[in-house]
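The values are calculated or read from the model by the stated rules, or taken from the named source; none is laboratory data. The shown structure was predicted, so the numbers you read here are calculated from the model rather than taken from an experiment. Heads up, the Cβs are rebuilt from the backbone with ideal geometry, glycines too, and the neighbour counts pull from every protein chain shown.
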Amino acid sequence: MKKYTHAWLALKATQLLKSYQGKFNAERNQRLKRLLKFLSPHPSTFVRGAWFPDTKIKDNCQGGHTWKYYLDPTNGRGERRRPPEHNRCLSFVQGNLHRKISLDKRTSDLPDRCEALGQMIRDSTLITNKIGRGDMLIFNDSQIALFYLMLAHYISDAHVPVHCDKRDFYKPSHVHPDLEKFWEDEVKKHYQISTKREQFDLDEDGNLQRKTAQSSYEQSILYKCDVILEQLEWQNMDTEDTNWNSLLGSGNNNFWDYLVSVCLVSFNMSLLLFSLDPPAGIDYNTVRIMDDPNFEPKVIEYSPDILADAVSSVALLWLAAWERWELLKQGIR
């Protein structure tokens, strides 16, 4: 994904968390309140912070942003991890998740990156809260907020179908860049952004501001994404279980498990959007997907669900990261 799409997803995740206030058990509601209070001073940093993995760290070529599967009926194995039922894209590919797959280990570190950042958030917050303010060893709140934004970047990349597909859709192919450019153009078209300051224009409550052409917005993939998010409820929202992994889906015990399950769905979404056998006369190395009737309608159809799932996952793992350190502080795993 590109710069403003990443920041938009992170800001939308904050809005989703705000809409969930009061929908959990009393203990989780209080944790969510504390998380939102922590994030609230930092919205102006979302663009640069969420973009640091690409501009400063640049671990793209080492697999930090990808988890690339390929179908392998002979030597592959079945992946049993599944995301929670509220994952929208799961319903589109559910029937294909049993197929044997293998992983290109050379370019597949994304879940590891997210697990490491989740634990870094836990550890840095604990250190900061157990050592007196002013000590040179502690992290300040803006540094910890940066870890959240970097985590959002990698989580969002797990939802990009071509990030989870071993096929090379980047060079010389235009498939990968065209898909991400379409999303970026939509965000820039419909939201107020100061590109000079690298900030979204937010209202006094820190919420995104749309441009005035409402009728145009209602035809966009972003409006459809909004509709999905307004109706979305996480699986087990009403559970009395207070452990941080209770929302990650059955059998997913940590961030790594959860992201592997997401990447499996994303891989199958890539096969749905860009079949292994392209339509007659189509060359994936030269086709421009947003100008081709074989691909443009499918990209437009599924993009709202892909983006809504990314927003949901960022919000979910942010809350889980916050709960992780609070529970550890209390001596609870």
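Please verify whether GLY76 is more than 21 Å from ARG324 (Cα to Cα) and more than 21 Å from the chain's Cα centre (by Cα), treating the condition exactly as stated.
Values: more than 21 Å from ARG324 (Cα to Cα): yes; more than 21 Å from the chain's Cα centre (by Cα): yes.
Judged against the criteria, GLY76 is a match.
When both residues are 6+ apart or on different chains and their Cβ atoms are under 6 Å apart, which pairs have a first residue that lies in segment 107-124 and is of a type in the set (D, E, K, R), and a second that is modelled with pLDDT of 95 or more and crowded, with 20+ Cβ neighbours inside 10 Å?
Correct list of pairs: ARG113/TYR154; GLU115/PHE255.
Please find, among SER313, SER261, SER270, SER303, the residue that is buried (at least 18 other Cβ atoms within 10 Å of the Cβ), touching an Asp or Glu at 6+ places or on another chain (Cβ under 7 Å) and either without any contact (Cβ under 8 Å) to a residue 40 or more places away in the chain or assigned to a helix (DSSP H, G or I) (or both).
Answer to the check: SER270.
Just checking, how many residues over segment 104-151 are more than 18 Å from ALA321 (Cα to Cα), at pLDDT below 90 and acidic (Asp, Glu)?
1
Here is a yes/no grid of residues against (1) assigned to a helix (DSSP H, G or I); (2) surrounded by fewer than 21 Cβ atoms within 10 Å (Cβ to Cβ):
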{"position": "ALA7", "(1), (2)": "yes, no"}
{"position": "ARG34", "(1), (2)": "yes, yes"}
{"position": "GLY49", "(1), (2)": "yes, no"}
{"position": "TYR70", "(1), (2)": "no, yes"}
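Could you give every pair whose Cβ atoms fall below 6 Å, whose first residue belongs to segment 219-239 and is surrounded by fewer than 18 Cβ atoms within 10 Å (Cβ to Cβ), and whose second residue is among the charged types (D, E, K, R) and in a loop (DSSP other than H, G, I, E, B), counting only separations of at least 6 or pairs across chains?
Taking only residues 6 or more apart or on different chains, the pairs are GLN235/GLU85; MET237/LYS23.
Could you run through segment 20-32 and say how many residues are touching a helix residue (DSSP H, G or I) at 6+ places or on another chain (Cβ under 8 Å) and assigned to a helix (DSSP H, G or I)?
Qualifying residue count for the region: 3.
So in segment 154-171, with the set limited to residues that are more than 19 Å from the chain's Cα centre (by Cα) and modelled with pLDDT of 95 or more, which one is farthest from LYS68 (Cα to Cα)?
Only one residue tops the list, namely PHE169.
For segment 76-195, which helices (runs of 4 or more DSSP H) that fit wholly inside it have 2 or more residues that are small (Gly, Ala, Ser), surrounded by 16 or more Cβ atoms within 10 Å (Cβ to Cβ) and out of contact with any Cys (no Cβ under 8 Å at 6 or more places or on another chain)?
The qualifying helices (runs of 4 or more DSSP H) are 110-130, 141-158.
Could you go through segment 64-82 and let me know if any residue there is farther than 30 Å from GLU240 by Cα, of a type in the set (D, E, K, R) and without any contact (Cβ under 8 Å) to a residue 60 or more places away in the chain.
yes
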